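These notes are about the structure you will find just below.
Readers should treat all values here as calculations from the given coordinates under stated rules, not as data from a laboratory. A quick note: this is a predicted structure, and the numbers were derived from the prediction, not measured. Virtual Cβ from ideal backbone geometry, glycine too; neighbours counted across all protein chains shown.
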Amino acid sequence: MLIAFGNVGIAVGTAVGGVAITVFSIRAAAGAACLFAVILLALLPIRVRLSNRV
């Protein structure tokens, strides 16, 4: 299951990066990557908190 979600993440990241490049420019791909990093850092504490409940 973990591998499947990793593949979904790669697919979504590639699609969003491709759309950002198409609509804006190649510089927008870095902005999209930074946005995903911010989302990751925001969700990581929630994931840790939920995994400690078990």
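Remarks
Yes/no matrix, rows are residues, columns are (1) loosely packed, with under 10 Cβ neighbours inside 10 Å; (2) of a type in the set (Val, Ile, Thr); (3) at positive phi:
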residue: 6; (1), (2), (3): no, no, no
residue: 16; (1), (2), (3): no, yes, no
residue: 20; (1), (2), (3): no, no, no
residue: 25; (1), (2), (3): no, no, no
residue: 28; (1), (2), (3): no, no, no
residue: 35; (1), (2), (3): no, no, no
residue: 47; (1), (2), (3): no, no, no
residue: 51; (1), (2), (3): yes, no, no
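- Where a residue in the range 28-54 is free of Cβ contacts under 8 Å to residues at least 24 places away in the same chain and its partner, wherever it lies, is assigned to a helix (DSSP H, G or I) and not basic (Lys, Arg), with Cβ under 6 Å and at least six apart: 28/20; 29/17; 29/20; 29/21; 32/16; 32/17; 32/20
- Against the list (1) of a type in the set (Gly, Ala, Ser); (2) surrounded by 10 or more Cβ atoms within 10 Å (Cβ to Cβ); (3) part of a helix (DSSP H, G or I), the condition residue 42 fails is (2).
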